[in-house]
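Nothing in this text is a laboratory measurement; each read-out follows from the coordinates by a stated rule. Note that this is a predicted model, so its numbers are computed, not measured. Ideal geometry is used to build each Cβ from the backbone, glycine not excepted, and the neighbour counts take in all protein chains shown.
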C-alpha cells in the first residue's frame, strides 16, 4: 500500500485483528503488516515491534477520531446491549490453596503418599502373592518394567482412581443459578 501510514502497533495479533475489523466495519481500508509472520511465529511479535495497522494517509486522521469516539462510548454501548457489569465470582481460600498445591506439585505428592499409605494398609490376605513382572506403558512404543512383590498396587490404584472420579464428578457439575426474588 503506497502512501500509507502506521496508525497503531499492537502487542498481539488478536488485538490487531480486532482493531482492523473495527476500522473495516467503519469503512476504512485497514491492512495488517507482518500478520502472517506474527501468526506463524507469535513469540517474535516483540522483535517485529508489534503488529502494525496501516491505513492510507488520507484516512489516518479520520480513523483515529473514529476509534477514539468508539472507545469513549464503548462502556455505555456494552451496558445497553448486555446489561450492567457483573463482578466475577470471588474464589475462596480453599480454591486458591488447591491451585497452588497443584501448581507446585505438592498435591501430586500427597496423592502418591495416599496410594503408598493405602497399599500398606491393605491386608496381605486380600492380595495374592505374585512374582510376575507387569509391563506398564504410558505412551506408544515405550514402557516401564516394574517388579512388584505383591499384586495390591493395582487394587489400590483402582480404589484411588474411583475416589478421584467421584471428586471430579462433584466438583465439576454445573451449579444452579440463584433464584430471583418473586415480585
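Here residue 18 and residue 103 are evaluated by their C-beta separation; at R0 = 30 Å the FRET efficiency comes out at 0.45.
Based on the Kirkwood radius over alpha-carbon pairs, what value in µm²/s does the Stokes-Einstein equation return for the translational diffusion coefficient of the range 1-136 at 4 °C and 1.567 mPa s? Mind showing how you got there, number by number?
Details: Rh = 20.9 Å.
D = 62 µm²/s.
Label-to-label distance, residue 31 versus residue 91, with points set 7 angstrom from Cα along the beta-carbon direction: 4.5 nm. Separation between the residue 82 and residue 160 pseudo-spin-labels, each 7 Å from Cα along Cα→Cβ, expressed in nm? Each label point is offset 7 Å from its Cα along the Cβ direction, giving 4.2 nm. For the range 4-82, the pair-distance distribution built from all alpha carbon pairs, in bins 5 Å wide starting at 0, is 3, 16, 24, 21, 16, 12, 7, 2 percent. Each Cα pair under 8 Å and six or more residues apart adds its separation to the average, and for the range 4-82 the resulting relative contact order is 40 percent.
With Cα atoms defining each centre, the range 71-107 and the range 1-59 are spaced 29 Å apart in the structure.
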